[in-house]
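Peer 1: Here it is, the structure in full.
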């Protein structure tokens with residue numbers, strides 16, 4: 001490979017690409033006996049004057065060489081991912097390149113994948129594999145769901161009990177949470193990532209042009225926090241890390257000491273993650289214990305708030321202001337709209353598109369992730385009895401591919417507030433990496449075209465044809481995928 005830039009990032013890309021070529025045994029940088037008309041040299045160049053966007057690239061394919069140009073290192077990286085997908089079937093199936101020029105750039109800047117590591121813990125190597133899957137599909141935001149009722153996964157040095165106690169549960173329920181009778185496996189489950197591991201993961205992601213957005217859940221989905229620090233609860237009780245799936249009525253109290261506690265956690269989190277956005281959850285916060293607690297009611301009245309929704313909004317606003325003071329932005333699930341949206345907040349719309357539409361009309365940034373199209377913990381096929389146990393719902397490959405993150409009900413100006421879309425992978429019923437891969441692939445490929453390509457050029461029939469060589473590329477990486485989608 002020939003290049004015109006000696007920067008560390010370019011050199012790293014050379015190395016990654018050449019290592020991939022060697023691993024695939026395609027002999028791209030060696031004398032070839034087959035595909036004689038194919039170019040033998042790849043030249044990549046940074047071109048500040050390129051007409052493509054900051055993530056776009058131009059690829060010129062000639063008989064003797066391929067020239068890849070982009071105005072940024074990020075654009076070059078995405079061009080190389082496309083080249084991988086072109087090269088693999090070329091050498092494995094002894095096809096030849098068609099000469100021509102490709103101009104390509106993404107439709108959206110937020111092309112996200114989410115991973116819940118609370119319900120089931122995934123090792124560093126497993127998370128790295130997930131990032132590799134994302135990189136091949138040009139997905140650029142990794143939403144890392146690090147905390148929830150069933151386990152806290154991030155080392156916080158100021159509060160060691162979060163990992164000493166909150167990172168481990170005594171057992172896990174068998175079957176589905178909707179089952180009438182519940183049994184448990186009796187096996188302790190847990191784990192967490194050290195700060196050194198997190199720093200290394202951030203660098204790993206950056207080398208693949210992926211930004212990690214961490215999520216610290218508040219004020220609900222916090223049973224594991226209250227198990228470690230009972231003084232933060234809204235009811236006078238002790239608890240343990242949750243061993244079942246489903247909701248909990250535990251909620252953090254909204255008092256100033258709790259806010260200081262969270263600010264300290266956020267301080268440590270921000271030193272680890274340089275992302276512009278910090279996700280604070282905000283979903284499914286059951287407030288009955290706020291209603292029942294006389295001290296919380298007195299506190300609410302002192303703030304002249306009408307109800308508990310406004311109290312949650314006040315709570316989120318304090319976090320929003322704190323993050324803004326540190327030069328960061330708050331993003332949360334669409335429940336943060338209830339009681340009024342914090343000034344700087346972005347909304348992640350999961351309960352359909354309603355919350356995202358409302359936020360965009362208020363001129364707030366939005367990431368679309370409706371359960372109808374973007375929940376990869378849903379079943380992929382009927383009958384569901386032939387599929388691995390999943391949360392529920394039915395989200396087929398075609399349904400994912402059909403999604404448009406910009407609702408027609410928004411005006412042209414309002415659509416500009418849609419940052420993009422992401423898929424969410426909740427892991428109650430996904431205990432292993434192979435099952436994770438099965439649930440994501442090839443649906444990730446469908447979503448990648450949703451957030452990369454304009455609706456006018458999308459074609460599901462053409463996409464299905466292109467799945468066959470992509471599946472072989474998955475296999476070459478040792479990844480598992482849903483083979484039913486390839487028929």
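Only the coordinates and a few stated rules stand behind these numbers; no lab work does. Computed from a predicted model, the values in this text were never measured in an experiment. Neighbour counts run over all protein chains shown; Cβ positions are idealised from the backbone, glycine included.
Peer 1: Please compute the length gained on full extension between residue 309 and residue 329, using 0.36 nm multiplied by the number of residues separating them and subtracting their Cα-Cα distance.
Peer 2: Result for the pair: 5.0 nm of gain on full extension.
Peer 1: Given the Cα-Cα distance of residue 203 and residue 271 and 0.36 nm per residue of separation, how much length would full extension add, in nm?
Peer 2: Difference between extended and current length: 23.1 nm.
Peer 1: Apply 1/(1 + (r/R0)^6) to the Cβ-Cβ distance of residue 472 and residue 297, taking R0 = 56 Å, and write down the FRET efficiency to the nearest 0.05.
Peer 2: Calculated transfer efficiency: 0.35.
Peer 1: Right, here's the next one. Residue 182 versus residue 457, label points 7 Å from Cα toward the beta carbon: distance in nm?
Peer 2: 5.0 nm
Peer 1: Applying 1/(1 + (r/R0)^6) with R0 = 25 Å to the Cβ-Cβ distance of residue 98 and residue 48, what FRET efficiency is obtained, to the nearest 0.05?
Peer 2: With a Förster radius of 25 Å, E is 0.30.
Peer 1: Determine, for 270, 134, the number of other Cβ atoms within 10 Å of each Cβ, and report the residues in order from fewest to most.
Peer 2: 270, 134
Peer 1: Taking the simple approach of a point 7 Å from Cα along Cα-to-Cβ for both residue 174 and residue 288, what is their distance in nm?
Peer 2: The answer from the label model is 2.9 nm.
Peer 1: Counting only DSSP beta bridges with both residues in region 110-477, what percent are antiparallel, rounded to the nearest 5?
Peer 2: The antiparallel proportion sits near 15 percent.
Peer 1: Please list 296-306, 320-330 highest first by mean number of surrounding beta-carbon atoms within 10 Å per residue.
Peer 2: Descending mean neighbour count gives 320-330, 296-306.
Peer 1: Consider the candidate values [x] 180; [y] 156; [z] 145; state which one is volume of the Cα convex hull per residue in Å³ computed from the structure displayed.
Peer 2: Only one option fits the structure, namely [y].
Peer 1: Can you pull the three principal axis extents for the Cα set of region 114-164, in Å, largest first?
Peer 2: Here the spans come out as 38, 20, 18 Å, largest first.
Peer 1: Could you give the length gained on full extension between residue 483 and residue 263, defined as 0.36 nm per residue of separation minus the Cα-Cα distance, in nm?
Peer 2: 74.6 nm
Peer 1: Going by the alpha-carbon gyration tensor, a ≥ b ≥ c the square roots of its eigenvalues, is region 386-444 rounded (a/c under 1.5) or, if a/c is not under 1.5, prolate (a/b greater than b/c) versus oblate?
Peer 2: prolate
Peer 1: What is the distance, in nm, between label points placed 7 Å from the Cα along the Cα-to-Cβ direction at residue 16 and at residue 194?
Peer 2: Label at residue 16, label at residue 194, 2.5 nm between them.
Peer 1: Another question, if that's okay. Before anything else, pin down the relative contact order of the chain: Cα pairs under 8 Å, at least 6 apart, normalised by residue count, whole percent.
Peer 2: Reported relative contact order: 12 percent.
Peer 1: Sticking with this one: Within 10 Å, count the other beta carbons around each residue, average over each peptide in 443-452, 120-129, and list them highest first.
Peer 2: Packing order, densest peptide first, comes out as 443-452, 120-129.
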